[in-house]
Amino acid sequence: MTSKAPCPQGESLQVFKGTFIHATHTSPMETLTPLILGVNRTGKIVFIENVDKEEELSQAWHFQKKNIRVLREREEFFIPGLVDTHIHASQYPNMGTCLDLPLLEWLVRYTFPVESKFKDPKFTEDVYTKLVKRTLRNGTTTACYFATIHTDSTLKLCSIIDNLGQRAFVGKVCMDLNDLFPEYKEKLCESVVETKRFVAELTGREYPLVKPIVTPRFVPSCSSELMQQLGSYASSEGLHIQSHISESRAEVELVKSLFPECKNYTDVYDRHSLLNDKTIMAHGVYLSNDELKVFQKKGAAISHCPNSNISLGSGLFDVRNALHHQVKIGLGTDVSGGYSPSVLNAMRAAIDVTKILGFQSSNYERLTYQEIFRLATLGGSQALGLDNVTGNFEVGKDFDAILVNTNVPNSPFDVFTDDTQEDIFQKFLNLGDDRNMVEVYVAGKKVVPFPNA
């Protein structure tokens, strides 16, 4: 346990005492109890110590015992905020529907039409407000969003995120090719110019927690020229990059036909300067070992979206193999290819996928629920390059956290006398929902319940 040197003048603190469950680089899950944790006015954790240090800490940091928030034993515990590394904000209206087609047909029949609606400001504000509130209620303190090709509506999404207090990367989608749905695309020069305008305007607003991310939709919707210009721009400005890769077999074959000179899907992005240590690619279901080696060498990350991969019939991503190749992995909901906005659901789907892969090979090393918990928290922050800021409870990091209460009215699960802390956590992981997430904090600010709700 460690703490920062206290400020001699003292400062306003939030102090919590109870059970904290998190992951570290060396342990997929640690249950820390009983501990006392302090958060300063800028939202950073300044100490996390055993409770026997309470008197010493109160004198050093000038807080009174009556101001300590004491969690109810067994009923309440903190976990780090959940990290959604891949979600399509613009597809939220379709969430829970339209899951009867494979990827490419699904895009044409359902996805491009709904994304086209975001040129309407009223529609934009209504959908994005509901989406961000929904994800926050489900404990998503950090999200990596795809928006649409519309710059102004994407900026509106950023404004809503900032107002509601979530941490996010937001991307204006870029696509200058769309033979299957020609009315939903941009001209090459327009896509690049508008991306630069989006980045400039968002940067100028100085939102503390909302950052831009360069977003070519995926190879089949982008010309080589567009990808090259976006790659060069992202590199020159030090921007993060997101896209899709190897989601379905049909998509992989299409990319192969479009870029026959490239060794594989990964090589297409690499040749266009879109694969580096600030890149996160969604899916990766059909990446070869050679491609995973490139990901590791470049420092690029993968967002595992198990709900979507199953719902659209895309395939099963082998997380264990990617981890063996030392590739950074986070979890994504991939709304609306995934039918749930909850990272808890993504964790459960990831557990199902690793079990199914285990059925197929008797010596397969299935992921444990603890490892999947790490993917949803610290792993996601690593994938997004934020692990020095958030992802677990360490001194110097922002306090992004969920207060879990297992004894709320109409809780979806029950706790019994003989249940251990680990039993209780597993019940929350497998059965819990937003009703149990009674408070959500981002950078020390309580964002759920919503003010004036």
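A few comments on the model shown:
- Condition met for Thr203 (among the β-branched types (Val, Ile, Thr), open to solvent by 30 Å² or more (accessible area, probe 1.4 Å) and either part of a helix (DSSP H, G or I) or farther than 22 Å from Ser159 by Cα (or both)): yes
- All positions within the stretch 103-123 that are over 22 Å from the mean Cα position of the chain (by Cα) and of a type in the set (Val, Ile, Thr): Val108, Val114
- Which numbered condition Ile310 misses (of (1) under 19 Å from Gly358 (Cα atoms); (2) open to solvent by less than 60 Å² (accessible area, probe 1.4 Å)): (2)
- Residues of the stretch 21-49 that are basic (Lys, Arg) and surrounded by 12 or more Cβ atoms within 10 Å (Cβ to Cβ): Lys44 alone.
- Considering residues of the stretch 392-424 that are of a type in the set (Phe, Trp, Tyr) and under 21 Å from the mean Cα position of the chain (by Cα) only, the residue surrounded by the most Cβ atoms within 10 Å (Cβ to Cβ): Phe399
- Qualifying residue in the stretch 376-391 (condition: open to solvent by 30 Å² or more (accessible area, probe 1.4 Å) and over 20 Å from Ile280 (Cβ atoms)): no
- Selection status of Ser191, touching a Phe, Trp or Tyr at 6+ places or on another chain (Cβ under 7 Å), surrounded by 16 or more Cβ atoms within 10 Å (Cβ to Cβ), at pLDDT 95 or above and not aromatic (Phe, Trp, Tyr): no
- If you go through the stretch 341-368 and pick out every residue that is open to solvent by less than 10 Å² (accessible area, probe 1.4 Å) and either of a type outside the set (Val, Ile, Thr) or without any contact (Cβ under 8 Å) to a residue 40 or more places away in the chain (or both), you end up with 5.
- Screening Asn138 with (1) closer than 30 Å to Asn388 by Cα; (2) surrounded by fewer than 19 Cβ atoms within 10 Å (Cβ to Cβ) gives one miss only, at (2).
- Any hit, the stretch 86-100, residues being aliphatic (A, V, I, L, M) and in contact with a strand residue (DSSP E or B) (Cβ under 8 Å, 6 or more places away or on another chain): yes
- Residues that are over 14 Å from Ile280 (Cα atoms), of a type in the set (A, V, I, L, M) and either at pLDDT below 95 or surrounded by 24 or more Cβ atoms within 10 Å (Cβ to Cβ) (or both) within the stretch 313-340 comprise Val319, Val335, listed in sequence order.
- Listed by first and then second residue, the pairs linking a residue in the stretch 242-254 that is under 23 Å from Tyr145 (Cα atoms) and of a type in the set (Ser, Thr, Tyr) to a residue that is open to solvent by 60 Å² or more (accessible area, probe 1.4 Å) and not in a strand (DSSP E or B), with Cβ atoms under 6 Å apart and 6 or more places separating them unless they lie on different chains, are Ser246/Tyr286.
- Hey, Val170 in contact with a Pro (Cβ under 7 Å, 6 or more places away or on another chain), part of a strand (DSSP E or B) and open to solvent by less than 20 Å² (accessible area, probe 1.4 Å) or not: yes
- Residue that is open to solvent by 70 Å² or more (accessible area, probe 1.4 Å), free of Cβ contacts under 8 Å to residues at least 12 places away in the same chain and under 23 Å from the mean Cα position of the chain (by Cα), where the choices are Asp126, Asp52, Asp100: Asp126
- Residue list for the stretch 64-79, filter: over 17 Å from Glu439 (Cα atoms) and either assigned to a helix (DSSP H, G or I) or open to solvent by less than 20 Å² (accessible area, probe 1.4 Å) (or both): Lys65, Lys66, Asn67
The values are calculated or read from the model by the stated rules, or taken from the named source; none is laboratory data. In this text the structure is predicted, and so the values were computed from the model without any measurement. In this analysis, Cβ positions are derived from the backbone assuming ideal geometry, glycine residues included, and neighbour counts consider all displayed protein chains. The protein model used for the area step is the full one, side chains on, heavy atoms only, and it has no ligands, DNA or RNA in it. Shrake-Rupley method; radii C 1.70, N 1.55, O 1.52, S 1.80 Å.
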